[in-house]
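Undergrad: Would you mind keeping the following structure in view while I ask a few things?
Rule-based calculations on the coordinates, nothing more; no lab input. None of the values given here were measured: they were computed from a predicted structure. Reconstructed Cβ throughout: ideal geometry from the backbone, glycine too, with neighbour counts over all protein chains shown.
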Amino acid sequence: MRRRHGHTPRYPLDRIQQLTATGRIRITNSAEQGAEMLYLLEGDIIECICQLGDDDYEQTLESTQFPGTFQDVYKPRYMGRAIYLKLRLIGDHHVLLISFKQDTSR
């Protein structure tokens, strides 16, 4: 499995996908608005997360709003678009999708 920049995700992708697929995801207003700007619905967000691969991982960042918590950044392609998404696990029970928007860095 290839890792960009030598980083490793903080949260296991398979667990993120399992929780997301079973509806145990919380989507921030910011992530919801970013998806709406791309004309994507909640079902599209879930599908995008469930299709993430190890190669989509970019980096792990410490939260600026909540120091001591971390967020994994993924940059997949979904429906022909470059996507930037940032998420983390809440305990081991829910996924928190913090950001979901077009990736303009490509």
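Undergrad: Considering each residue of the stretch 77-106, count those that are hydroxyl-bearing (Ser, Thr, Tyr) and surrounded by 11 or more Cβ atoms within 10 Å (Cβ to Cβ), and give that number.
TA: 3
Undergrad: Restricting attention to the stretch 5-47, which residues are closer than 13 Å to Leu96 by Cα, outside any helix (DSSP H, G or I) and not β-branched (Val, Ile, Thr)?
TA: Tyr11, Gly23, Arg24, Arg26
Undergrad: Then there is this: What is the residue count in the stretch 57-69 for residues that are small (Gly, Ala, Ser) and more than 12 Å from Arg88 (Cα to Cα)? Can you show your working first?
TA: Step one: list which residues in the stretch 57-69 are small (Gly, Ala, Ser), which gives 63, 68.
Applying the additional criterion that residues be more than 12 Å from Arg88 (Cα to Cα) yields 68.
Total meeting the criteria: 1.
Undergrad: Right, here's the next one. Would you point out the residue of the stretch 14-56, among those that are within 14 Å of Leu89 (Cα to Cα) and crowded, with 17+ Cβ neighbours inside 10 Å, that is farthest from the chain's Cα centre (by Cα)?
TA: Going through the qualifying residues, I end up with Leu19.
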